[in-house]
Amino acid sequence: MVVSMLRSQLIAAAWAGCAVFGLTSCASAPAGEGVAAPQLAVGDHWQYKVTDNLRRGIESQLDVEVIEVSGRAARIRFVRADARSRSEWIDEVDGEGGLHAGSLHSEPARPFNPPAQLLEFPLEQGKTWRQVINTLRQDTELSDQILIYGRVDTPGATTVPAGSFNAVYVYRVVQLDDEEFWRTRTLRRDAIWYAPEVKGPVRETRDASYILRDAPDPTIRTESILLELESFRPGRI
């Protein structure tokens, strides 16, 4: 029952987004040309400050760099470090906002087929998208699904350590395929401020949780972070 409830929450969020923009089939509602997909180049380099609100505001650094480009596809290295720990992984992305391989939420990198559509370019005000990715769990060898919903809202200005930017606001919901017998799937809600001049987000918040079965206080939060751009250095095209 709780699993059905969580799935319903994601579907309700998606259709609520459609209702806001007066959509009857959750199709795109473009307004102008929108923001095109970035042309990534080897050496594109972003540095973010990450504030972890589940750890009393502890800060860490996220270093992101494009290390390989082939056509419109790219491999991007992520390094996150604080005073106590360091983690590193590589995402493989296409030229349309799709994640071919990488990590969605504190998990080892893995392939996605079709690519996980974390952003859907061009980013046009009022545009929405939904995606269902069929997966096969390695631990249980059972079929499962990842669900993604995204909505592009009104552009606006935002200020981060790197400066002030005119950004496109994107709201995204991701439901992972990590259900266990004792808990539901993880549900992650993201807010993204995307600035085309730096080829990526300048601010992003992520909040993730799951629901315990048969527990008096069932909601368990697993992530609540704020990413803010500190610097961007373009590579060579």
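At-a-glance table
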| quantity | calculated |
| --- | --- |
| Which listed residue is touching a strand residue (DSSP E or B) at 6+ places or on another chain (Cβ under 6 Å), over 30 Å from F181 (Cβ atoms) and at pLDDT below 95, from A157, A83 | A157 |
| Total residues in the stretch 49-60, condition surrounded by fewer than 17 Cβ atoms within 10 Å (Cβ to Cβ) and more than 18 Å from the chain's Cα centre (by Cα) | 6 |
| Pairs with Cβ under 7 Å, 6+ apart, first in the stretch 214-237 and at negative phi and hydroxyl-bearing (S, T, Y), second surrounded by 14 or more Cβ atoms within 10 Å (Cβ to Cβ) and in a loop (DSSP other than H, G, I, E, B) | T222/T186; S231/A162 |
| Failed condition for A215, given (1) modelled with pLDDT under 95; (2) among the small types (G, A, S); (3) crowded, with 18+ Cβ neighbours inside 10 Å | (3) |
| Qualifying residue in the stretch 199-210 (condition: among the small types (G, A, S) and out of contact with any strand residue (DSSP E or B) (no Cβ under 7 Å at 6 or more places or on another chain)) | no |
| Residue, nearest to P234 (Cα to Cα), within the stretch 26-61, restricted to residues that are among the acidic types (D, E) and at pLDDT 95 or above | D44 |
| Qualifying residue in the stretch 62-70 (condition: modelled with pLDDT under 95 and in contact with a Phe, Trp or Tyr (Cβ under 8 Å, 6 or more places away or on another chain)) | no |
| Which numbered condition A195 misses (of (1) farther than 19 Å from W129 by Cβ; (2) surrounded by fewer than 20 Cβ atoms within 10 Å (Cβ to Cβ); (3) among the small types (G, A, S); (4) touching a residue at least 12 places away in the same chain (Cβ under 8 Å)) | (2) |
| Conditions (1) within 19 Å of I148 (Cβ to Cβ); (2) modelled with pLDDT of 95 or more; (3) not in a loop (DSSP other than H, G, I, E, B): number failed by A12 | (2) |
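The values are calculated or read from the model by the stated rules, or taken from the named source; none is laboratory data. Note that the structure is a prediction, hence the values are computed from the model and not measured. Heads up, the Cβs are rebuilt from the backbone with ideal geometry, glycines too, and the neighbour counts pull from every protein chain shown.
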